[in-house]
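Below is one structure, written out as structure tokens, with a few remarks after it.
The values are calculated or read from the model by the stated rules, or taken from the named source; none is laboratory data. On a predicted model such as this, the values are computed, not experimentally measured, just so you know. Here the Cβ positions follow ideal geometry from the backbone for every residue, glycine too, while neighbour counts run over all protein chains shown. Note: accessible area is taken over every heavy atom of the protein model, side chains too, but ligands, DNA and RNA are not part of it. Shrake-Rupley method; radii C 1.70, N 1.55, O 1.52, S 1.80 Å.
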Amino acid sequence: ALCRAVDDHVGRYRDAVLTLAASIAPAAPATSPVLDARLARFQALHPGFLTVLAADSAGAIVSGVSAHSGVGVPVPTGGRGIPDRPYFRVPMEEARTRRGAAPRAFVSEAFLGRGFGTDPIVAVSATVPGADGRPTGIVEGSLDLRAFARIGRGYAREDGVTFAVVDPRDRVIYSSAALRLPPLSDVS
């Protein structure tokens, strides 16, 4: 039941990112108050995202909002880029090889953010398709891993059985009991 609850949670945000990407197409993400406002509204509607950003096809961040600045408040992008991040590289490459196919959402492993905050997050991204079907960039939301703790508390057991939610690399995202490990520790 806990696995289904976690999958449902991630699925809602995955679907939301796909909808956001489709709403921006076919225009390429561009720095503008309109895009800033769209990302701000999106984040307000999906508070599980700590940050939401748009990047161009080279990986330069062109717009972003962060809960650390206040939900829906645009943050200066200041030439920041994400071309090295899997949540940019993987969907862009997939979109190029599956040209013309509907975009699919990418869900990363858990990792520590490095740009708008240093929280442990899971990135959810999708390409923004251009009029010719080629990707013009991506949109990405950083899921707050504290949501997994809220979900997990609903499955707490009184019989002493404990559980942990781990990512594909066997790193702890949430544990129902105190662990003597820092966040994202390997438990394999």
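Things to note:
- If you go through region 163-172 and pick out every residue that is of a type outside the set (A, V, I, L, M, F, W, C) and surrounded by 13 or more Cβ atoms within 10 Å (Cβ to Cβ), you end up with 2.
- Within region 119-160, the set of residues being among the aliphatic types (A, V, I, L, M), touching a helix residue (DSSP H, G or I) at 6+ places or on another chain (Cβ under 8 Å) and within 23 Å of Arg89 (Cβ to Cβ) comprises Val122, Ala123, Val124, Ala126, Val128, Ile138, Val139, Leu143.
- Of all residues in region 91-102, those satisfying the criterion of being open to solvent by 30 Å² or more (accessible area, probe 1.4 Å) and of a type in the set (A, V, I, L, M) are Ala101, Ala102.
- Restricting attention to region 2-16, the residues that are open to solvent by less than 90 Å² (accessible area, probe 1.4 Å) and among the basic types (Lys, Arg) add up to 1.
- One residue from Gly79, Gly64 being at positive phi and either in a strand (DSSP E or B) or surrounded by fewer than 16 Cβ atoms within 10 Å (Cβ to Cβ) (or both): Gly79
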